[in-house]
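Notes for the one structure printed next.
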Amino acid sequence: MELAYYSDYAVRLVNTEEPARNKDALTSVEAVRELFGANQQAARRTTDADVTRFRSVRARLRAVFDAADGDDETLAVDLLNSLLLEFPVSPQISGHDVRDQDGRPDWHMHLADHPSNATAGYAAIAAMGLAFHLTEHGVDRLGLCEAAPCRNAYLDTSTNRSRRYCSDRCATRANVAAYRARKREEAERTGRNAETAQPSTAVTDL
């Protein structure tokens, strides 16, 4: 598993909340466990106390994306560094019993956490993955969806750094809204021009 994969942990957690819509999907132990995906061993450590702790980590990760979206690179790095210090990991070489075409172990880097609880383990992996993505691709690759009121987090992996939305759905919605706005503006402009072009009628008393 490549280190870049772990950055998705941060995105998944941040996007469990939609502040502008007052929606929060992180309301139960089951919701927290779903965030771990295939890592069921780590998910089983989750308890009721982790729901609140996950929300706290989520707010700190969103702050990293907010800083990056606001072009404050130093703040984004400082916020992420504080998470890395609080939730450390140990890199290890792993094969996970996966074999290549020659029958040898498919060695790769793996992040091993030694958490006191499920939140610490998840936070360590998410922060390290996000840090790897930031240093490898740049702070401007951490984005927040421009399709208001969405504001979901995403990682820009486009070749020309052009991504602006978290999903195709939001991109389509934003494009449709922009098209309709242009049409309204054109109609209003046409109406104003028509009113201006009408000749004035003079009234003469006989």
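Report the calculated FRET efficiency for Leu85 and Ala49 (r = Cβ-Cβ distance, R0 = 22 Å), to the nearest 0.05.
0.50
So if I take the centroid of the Cα atoms in the stretch 57-97 and the same for the stretch 127-150, what is the distance between those two points in Å?
Using only Cα atoms, the two centres lie 10 Å from each other.
In whole Hz, with x marking every Gly and Pro, tabulate ³J(HN,Hα) for the stretch 104-111 from phi via Karplus 6.51 cos²θ - 1.76 cosθ + 1.60, θ = phi - 60°.
So the Karplus estimates, Gly and Pro as x, are 8, x, 8, 5, 7, 7, 9, 9 Hz.
Determine the gain in length on full extension of the stretch Glu186-Asp24; use 0.36 nm per residue of separation and subtract their C-alpha separation, reporting nm with one decimal.
Extra length from Glu186 to Asp24 when fully extended: 54.4 nm.
Give the cysteines in the chain for which no other Cys Cβ lies under 4.7 Å away, or write none if there are none.
Among the cysteines of the chain, those whose Cβ sits 4.7 Å or more from every other are Cys170.
For the chain, what is the mean residue ellipticity at 222 nm derived from helices alone (per DSSP H run of n ≥ 4: -39500 (n - 2.57); sum divided by total residues; nearest 500 deg cm²/dmol)?
-16500 deg cm²/dmol
Can you give the convex hull volume of the alpha carbon atoms of the stretch 1-111 per residue, in Å³?
Per residue, the Cα convex hull of the stretch 1-111 comes to 133 Å³.
Can you compute the equivalent ellipsoid semi-axes for the stretch 1-66, i.e. the square root of 5 times each eigenvalue of the Cα gyration tensor, sorted largest first and rounded to whole Å?
The equivalent ellipsoid of the stretch 1-66 has semi-axes of 19, 17, 10 Å.
Can you give the percent of C-alpha pairs in the chain whose distance is more than 29 Å?
The share of Cα pairs beyond 29 Å in the chain comes to 40 percent.
Using only the Cα atoms of the stretch 98-187, what do you get for the radius of gyration and for Dmax, in Å?
In order Rg, Dmax, the Cα atoms of the stretch 98-187 give 20.0, 68 Å.
Sorted by average packing, counted as other Cβ atoms within 10 angstrom per residue and highest first, what order do 19-27, 122-130, 84-92 take?
Going from most to least packed, we get 122-130, 84-92, 19-27.
How large is ³J(HN,Hα) for each residue in the stretch 152-166, as worked out from phi by the Karplus curve 6.51 cos²θ - 1.76 cosθ + 1.60 (θ = phi - 60°), to whole Hz, x for Gly and Pro?
5, 7, 8, 10, 7, 10, 5, 5, 10, 6, 10, 5, 10, 10, 7
Considering all alpha-carbon pairs of the stretch 50-94, what whole percent are spaced by more than 12 angstrom?
In whole percent, the long-distance tail amounts to 65.
Using a simple spin-label model with points 7 Å from Cα along the Cα→Cβ vector, what separation in nm is obtained for His137 and Ile93?
2.8
7 Å from Cα along Cα→Cβ at both Asp71 and Tyr179: what's the point-to-point distance in nm?
It works out to 3.1 nm between the two label points.
Suppose R0 equals 30 Å. What FRET efficiency, 1/(1 + (r/R0)^6) with r the Cβ-Cβ distance, do Ala59 and Ser167 give to the nearest 0.05?
Efficiency for this residue pair is about 0.85.
Which ³J(HN,Hα) values in Hz, rounded to whole numbers, follow from the phi angles of the stretch 7-19 under the Karplus curve 6.51 cos²θ - 1.76 cosθ + 1.60, where θ = phi - 60° and Gly and Pro get x?
5, 5, 4, 5, 5, 4, 5, 4, 7, 7, 10, 10, x
Readers should treat all values here as calculations from the given coordinates under stated rules, not as data from a laboratory. Here the structure is a predicted model, which means the values were calculated and not measured. Virtual Cβ from ideal backbone geometry, glycine too; neighbours counted across all protein chains shown.
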